[in-house]
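Trainee: The structure follows.
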Amino acid sequence: MVDWLKEATARQDDLLKDLISILEIPSERDIEHATADQPLGPGPAKALAQMLAIAERDGFVTKNVENVAGRVQYGAGQEIFGLLGHMDVVPAGPGWQTNPYQPVIKDGNLIARGSSDDKGPAMAAYYALKIIKELGLPVAKQIHYIFGTDEESEWVGIDRYLEVEPTPDFGFSPDAEFPIINGEKGIASFKLTFAPGLTTTGATSLCRFSSGIRANMVPQTATAIVKGHDLDQLGTALTNFAAENDLVADAEIQDEQVILTLTGKGAHAQEPRDGVNAGTYLALFLSQQTLDEAGQQYVNTISNWLHLDSRGKKLGIAHHDELMGELTASPDIFTYTAGQHNSVLINVRYPQGTDAERIRQQIATTIAAANVTCQIDGHAQEPHYVSGDDPLVKTLLAVYERQTGLPGHEQVIGGGTYGRILERGVAFGAQFPGQPNVMHQANEFMPIADIIKATAIYAEAIYELVRP
Ligand code: ZN
Ligand code: ZN
């Protein structure tokens, strides 16, 4: 019997040294500095090269796929077991107390951008594989540890990898939380487009309306430019409206127009209730004024069907599934300029039992205006689920329970991980229950003890999945 935790602990110093060497590389997507050789910029390619160099040093066979993805391989057999990690990070952003790319250890925590998403967990899974190799344990399958370098944006790396390299038969991504993520909702964005044609002049008229920066984020701020009379009063009314609804208002009069701004709270679109959508609140406020015909239709549509409708009930798309839970809807990007084609982008996370085309039709039916159309924006991702009866899920949960003494259970999320690229793919660790989720935040950290515990769990789990 292998004492997995003892094996992981014995390698702690080496693991931290290797991990820090990767955390020191700022590997955010950096297209501005892209070259033919480094299509995602220098950082992601450098972090990938460093990871592959570590594996080569340890005697693994590696492959670099065009500097956008890579593989560390081990073992032989018919089936391919896949591990799926990523070497890119989200931008550091403001609010750090230390240099995000100079890792610091404080109170047992390793603090750096990427420590918990995903370089720390990815290195834990790498050391798990290294333990299996160094102990000379029997392996009856091919193990392909695949590293992407664009997981936080467009998945360019992993998509290219799957085009030119074999897809594993089953596997997991160490890029979420324990006990397991074996289901992910479908993700699709819908664009409402308002064709020009309605009157844009009135005593008070809407010139511009804008809110939201990303399709997957609840907008924190919203701005509208209105022209007409009694602009002072409009500013005062907005201040009162904001106070009643826990938002912050600003009104700035310039000549014959007023710039109205509302600030709410940003959040991940997978749970719109965690945020306060500044866009729909500003539309609600404006819908209570008398505007020009086109402006009025725009703000009324938002306030009638999109405001405080995180479950899509008003929009007519509500759907619930026993296993995957409720559909969520988050209107995240608003663009309006008087007289132009204007739009609202709605991000929807949907459980099994409905689909993107059906949702599109339902939205179109609900809004039912001759000049408004609804289209699926970009590529819709289907819901993904691996049954709790699948030996992959059973094995991972059994190892987790054995090593932690904690109950294992299935979990479905509204986010998207690399787990979904394999039909039999899940996400497994490395955030433990009770730990705060600090991914994408300033001062991101991972407890060193958790990195070591995860390494031990991964080692036993991988071994159980590939042994003869
Ligand atoms: Zn990640
Ligand atoms: Zn991430």
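The values are calculated or read from the model by the stated rules, or taken from the named source; none is laboratory data. Everything quoted here is computed from the prediction, not taken from an experiment. Cβ sites come from the backbone with ideal geometry, for glycine too, and all protein chains shown count toward neighbours. To get the accessible areas, we keep the full protein, side chains included, count just its heavy atoms, and leave off ligands, DNA and RNA. Shrake-Rupley method; radii C 1.70, N 1.55, O 1.52, S 1.80 Å.
Trainee: Six or more apart or on different chains, Cβ under 8 Å: which pairs go from a residue in the range 155-167 that's under 18 Å from GLU79 (Cα atoms) to one that's open to solvent by 50 Å² or more (accessible area, probe 1.4 Å)? Could you list them?
Mentor: What qualifies is GLU165/LYS63.
Trainee: Okay, next question. Read through the list (1) modelled with pLDDT of 95 or more; (2) over 21 Å from ASP169 (Cβ atoms); (3) of a type outside the set (Lys, Arg); (4) within 16 Å of ligand 1 (Cβ to nearest atom), then give the number of the only condition that ILE146 fails.
Mentor: (2)
Trainee: Looking at ASP88, ASP118, which is the one that is at negative phi, within 16 Å of ligand 1 (Cβ to nearest atom) and without any contact (Cβ under 8 Å) to a residue 60 or more places away in the chain?
Mentor: Numbers: ASP88 fails: without any contact (Cβ under 8 Å) to a residue 60 or more places away in the chain.
Going through ASP88, ASP118 in turn, just one is at negative phi, within 16 Å of ligand 1 (Cβ to nearest atom) and without any contact (Cβ under 8 Å) to a residue 60 or more places away in the chain: ASP118.
Trainee: What is the one condition in (1) more than 16 Å from ligand 1 (Cβ to nearest atom); (2) closer than 24 Å to ARG71 by Cβ that GLY202 does not satisfy?
Mentor: Just one mismatch for GLY202, condition (2).
Trainee: Could you tell me whether any residue of the range 151-164 is of a type in the set (Lys, Arg) and closer than 28 Å to PRO39 by Cβ?
Mentor: Pass one, the range 151-164, residues of a type in the set (Lys, Arg): 160.
Imposing the further condition that a residue be closer than 28 Å to PRO39 by Cβ reduces the set to 160.
Yes; the residues of the range 151-164 include at least one that is of a type in the set (Lys, Arg) and closer than 28 Å to PRO39 by Cβ.
Trainee: Can you pull out every residue in the range 322-352 that is more than 21 Å from LEU308 (Cα to Cα) and open to solvent by less than 60 Å² (accessible area, probe 1.4 Å)?
Mentor: Of the range 322-352, the ones more than 21 Å from LEU308 (Cα to Cα) are 322-324, 337-342, 352.
Listed by number, the residues that qualify are MET324, THR337, ALA338, GLY339, ASN342.
Trainee: Quick one: GLY378 ticks every box in (1) at pLDDT 95 or above; (2) touching a strand residue (DSSP E or B) at 6+ places or on another chain (Cβ under 9 Å); (3) open to solvent by 50 Å² or more (accessible area, probe 1.4 Å); (4) farther than 21 Å from GLU326 by Cβ bar one, so which box is it?
Mentor: Going through (1) at pLDDT 95 or above; (2) touching a strand residue (DSSP E or B) at 6+ places or on another chain (Cβ under 9 Å); (3) open to solvent by 50 Å² or more (accessible area, probe 1.4 Å); (4) farther than 21 Å from GLU326 by Cβ one by one, GLY378 breaks only (1).
Trainee: Which condition breaks for ILE421 when tested against (1) within 15 Å of PRO174 (Cβ to Cβ); (2) modelled with pLDDT of 95 or more; (3) open to solvent by 20 Å² or more (accessible area, probe 1.4 Å); (4) of a type in the set (A, V, I, L, M, F, W, C)?
Mentor: So the condition that ILE421 fails would be (2).
Trainee: Further question on the same structure: Out of the strands (runs of 3 or more DSSP E) lying entirely within the range 60-133, which hold 3 or more residues that are at pLDDT 95 or above, more than 19 Å from GLY416 (Cα to Cα) and in the same structural domain as THR455 (by TED's automatic domain parsing)?
Mentor: 61-65, 69-74, 104-106, 109-111
Trainee: Oh, and also: Considering only the range 29-50, how many residues are outside any loop (DSSP other than H, G, I, E, B), in contact with a helix residue (DSSP H, G or I) (Cβ under 9 Å, 6 or more places away or on another chain) and buried (at least 19 other Cβ atoms within 10 Å of the Cβ)?
Mentor: Result for the range 29-50: 4.
Trainee: What is the one condition in (1) open to solvent by less than 20 Å² (accessible area, probe 1.4 Å); (2) among the β-branched types (Val, Ile, Thr); (3) touching an Asp or Glu at 6+ places or on another chain (Cβ under 6 Å) that VAL72 does not satisfy?
Mentor: That leaves (3) as the condition not met.
Trainee: Taking the range 75-119 as the region of interest, how many residues are out of contact with any Asp or Glu (no Cβ under 8 Å at 6 or more places or on another chain), away from ligand 2 (no atom under 16 Å from the Cβ) and within 20 Å of ALA45 (Cα to Cα)?
Mentor: Matching residues across the range 75-119 total 1.
Trainee: Can you pull out the strands (runs of 3 or more DSSP E) entirely within the range 363-468 that have at least 1 residues that are more than 16 Å from ligand 2 (Cβ to nearest atom) and of a type in the set (Ser, Thr, Tyr)?
Mentor: Working: elements: 372-381, 425-427, 445-447.
Correct list: 372-381.
Trainee: Would you be able to tell me the number of residues in the range 91-109 that are of a type in the set (A, V, I, L, M) and either surrounded by 24 or more Cβ atoms within 10 Å (Cβ to Cβ) or away from ligand 1 (no atom under 16 Å from the Cβ) (or both)?
Mentor: If we filter the range 91-109 for residues that are of a type in the set (A, V, I, L, M), which is where we start, we get 92, 104-105.
Now restrict to residues that are either surrounded by 24 or more Cβ atoms within 10 Å (Cβ to Cβ) or away from ligand 1 (no atom under 16 Å from the Cβ) (or both): 104-105.
Residues in the range 91-109 being of a type in the set (A, V, I, L, M) and either surrounded by 24 or more Cβ atoms within 10 Å (Cβ to Cβ) or away from ligand 1 (no atom under 16 Å from the Cβ) (or both): 2 in total.
Trainee: Quick check on the range 230-250: of everything there that is buried (at least 19 other Cβ atoms within 10 Å of the Cβ) and touching a Gly at 6+ places or on another chain (Cβ under 9 Å), which residue is nearest to PRO351 (Cα to Cα)?
Mentor: The selected residue is LEU247.
Trainee: Can we say ALA53 is assigned by TED's automatic domain parsing to the domain that holds GLY70, in a helix (DSSP H, G or I) and either farther than 26 Å from ALA456 by Cα or open to solvent by 30 Å² or more (accessible area, probe 1.4 Å) (or both)? Please lay out each step first, then the result.
Mentor: Numbers: assigned by TED's automatic domain parsing to the domain that holds GLY70: yes; in a helix (DSSP H, G or I): yes; either farther than 26 Å from ALA456 by Cα or open to solvent by 30 Å² or more (accessible area, probe 1.4 Å) (or both): yes.
Yes, satisfied.
Trainee: Which of the residues spanning the range 256-279 are buried (at least 24 other Cβ atoms within 10 Å of the Cβ) and either assigned to a loop (DSSP other than H, G, I, E, B) or out of contact with any strand residue (DSSP E or B) (no Cβ under 8 Å at 6 or more places or on another chain) (or both)?
Mentor: Residues satisfying the conditions are GLY264, ALA269, ASN277.
Trainee: Here's another thing I want to ask about it. Being closer than 12 Å to LEU345 by Cα and either open to solvent by less than 50 Å² (accessible area, probe 1.4 Å) or in contact with a helix residue (DSSP H, G or I) (Cβ under 6 Å, 6 or more places away or on another chain) (or both) is the filter here, so list the residues in the range 205-229 that pass it. Give the derivation first.
Mentor: Of the residues in the range 205-229, the ones closer than 12 Å to LEU345 by Cα are 210-219.
SER211, GLY212, ALA215, VAL218, PRO219 - these are the residues of the range 205-229 that are closer than 12 Å to LEU345 by Cα and either open to solvent by less than 50 Å² (accessible area, probe 1.4 Å) or in contact with a helix residue (DSSP H, G or I) (Cβ under 6 Å, 6 or more places away or on another chain) (or both).
Trainee: For the range 85-105, indicate whether the set of residues that are among the aliphatic types (A, V, I, L, M), in contact with a helix residue (DSSP H, G or I) (Cβ under 8 Å, 6 or more places away or on another chain) and under 19 Å from GLY171 (Cα atoms) is non-empty.
Mentor: Looking only at the range 85-105, we keep the residues that are among the aliphatic types (A, V, I, L, M), and these are 87, 89-90, 92, 104-105.
Add one more test, that the residue is in contact with a helix residue (DSSP H, G or I) (Cβ under 8 Å, 6 or more places away or on another chain), and what stays is 87, 89, 105.
Applying the additional criterion that residues be under 19 Å from GLY171 (Cα atoms) yields 87.
There is at least one residue in the range 85-105 that is among the aliphatic types (A, V, I, L, M), in contact with a helix residue (DSSP H, G or I) (Cβ under 8 Å, 6 or more places away or on another chain) and under 19 Å from GLY171 (Cα atoms).
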